1. Heavy atoms only, probe 1.4 Å: what % of the accessible area of segment 357-442 goes to carbon and sulfur, would you let me know?
2. Determine the share of segment 59-102's accessible area contributed by carbon and sulfur atoms, expressed in whole percent, with a 1.4 angstrom probe.
3. What's the local net charge at residue 353, with K and R +1, D and E -1, over the other residues with C-beta under 14 Å away?
4. Name the long-range amide H neighbours of residue 145: under 5 Å, sequence gap of 5 or more, or other chain; modelled H, no Pro or chain starts.
5. Accessible area per residue for segment 334-457 in Å², computed with a 1.4 Å probe and the full protein assembly in place, what is it?
6. Considering amide H positions built from the backbone, and no H for Pro or chain starts, which residues 5 or more places from residue 307, or on another chain, come under 5 Å of its amide H?
7. Quick check on my link table: of 309/441; 242/441; 68/454; 397/441; 111/390; 340/441, which ones sit more than 30 Å apart, alpha carbon to alpha carbon?
8. Viscosity 1.567 mPa s, temperature 4 °C: what is the translational diffusion coefficient of segment 381-429 from Stokes-Einstein with a Kirkwood Rh over Cα pairs, rounded to a whole number of µm²/s?
Amino acid sequence: MAVFFKYFTIWILLVLVLFPSCTYADEFSEESSFLDELIIQESFLFRYLSEKNEYDNSTYIMALLEVKYSEENYEIDVGAMLYKDSNETGAELNQVSLHYFADDFEFSIGKYVQTLGALDYLSSTNLLNPTRSEFFDDENINIRRVPLLMAGLRYYPNEEWKLETIVQAFDADHQDLSSAYLNFALDTLMPSYLESLTTSNSSLDQINNEIFLPVYKNSISSALNSHIKDQYESESILAADKAGLFVVAEYSADAVSIGGVWINRYTEIPYIEVNQDLLDGLEALQSDPTDFGVFEDYINSNDLDPISKVQGYRYNQYNLYAEGTIFSFGIRAEASYRDKIPAINEYSTLHSFGLGIDHKLGSMYNSIEVQYLDVDALSQEIYASVWASKFDAIHYKGTDIYFDHYLLYGSYEGITEITSFPSVPLSYNNYDIIFQYLNSKEQSQMNTFSMLLKAFF
């Protein structure tokens, strides 16, 4: 905490010493037109969680100083951030970018945020910037998402069409490669597969559920996670062969937009190959659950490493999206096809379709998004949905009181997950206090009360 306050003191000095005249911009407006085009915003956020141990990587304190300078045909945006979570305290340049505007084209370069597609929560197209999950609904996009290094060129041949090309540097720091794979494949598929092997033997089933699976989830999984990180070489952000390419074409007319995106990108999730002798032994148990001798090849081999290979690869993804209105309803849709995603010791294709509907009913705004995913090699279908409902503010003695609620649903391999996330924000001038509670059906250990304090200047 002492380190954070050292950074915080430096922050205040920077604001007071480097930008003293910004507080009195009106007094100096006649002397310097530069200040007229300068916008400075400070954001301070503090979060309290009742279950901190389950959210080790969550940001509990954040301060963001944003400086934006605009002229007729260009804009410069810079943001410096201080943060503290349970693991570390640090400072970083959150965003820095130059945006140039001409009559029929725009050019952007730097570290910034850009959105693609049509869906807000369950988008398979909006892959440019990862979401900060702890601030997923923040109004400031530079807090809601992580700015990354990229360059983009937009061309407008006429009023209806937009053509865009984006080149994005590979950023290994925000990939979270091994845990993403473990959560999807090893931590989900492997335990369920092991459970299926012992269903014909009650003794083995008891051993599996009471001994092996807890050990796997609590020890083996974390060890594999660390092991994969050690094997997967860290990629340089300047490696040209790891850069991602996004090509966008969008047509807009009469409040309707239709677009397509081609993505050629280096993997977010590496291909991880599990020792084949180990998998063969597990499969052989299916025919004879008592014959553990099938592991002899694995045990007698010179290589007991459970992971045989970890490697990156490039993939292509093709996306279509559309949004418009029908009567008083907003309609949004996305569909995508990815030619390569890792399964267990093989690649698979991935199909997805998402649909969103928005509607304001009286004082209540509703947004519902549903998504369908099909992983071909695993013959698995995944369903997810988010229902966001927000009510108009109640005004009481200068304070605006809101009620927001998110209901999340997921279904995979017969497991149904329902999570409720209500929140009550109170807003007074530039200050917000938000009370939230997360309640999960399948993962009760994640249930937590949180309080978020926000201030903007």
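1. Taking all protein chains in place, segment 357-442 shows 62 percent carbon and sulfur surface.
2. Its accessible area is 53 percent carbon and sulfur atoms.
3. Summing Lys/Arg as +1 and Asp/Glu as -1 gives -2.
4. The answer is 132.
5. Each residue of segment 334-457 exposes 52 Å² on average to a 1.4 Å probe.
6. 275
7. Over 30 Å apart, Cα to Cα: 309/441; 242/441; 397/441; 111/390; 340/441.
8. 102 µm²/s
The values are calculated or read from the model by the stated rules, or taken from the named source; none is laboratory data. The structure displayed is predicted, hence computed values, not measured ones. Backbone-built Cβ (ideal geometry, glycine too); neighbour counts: all protein chains shown. SASA here: full protein model, heavy atoms, side chains in, ligands and nucleic acids out. Shrake-Rupley method; radii C 1.70, N 1.55, O 1.52, S 1.80 Å.
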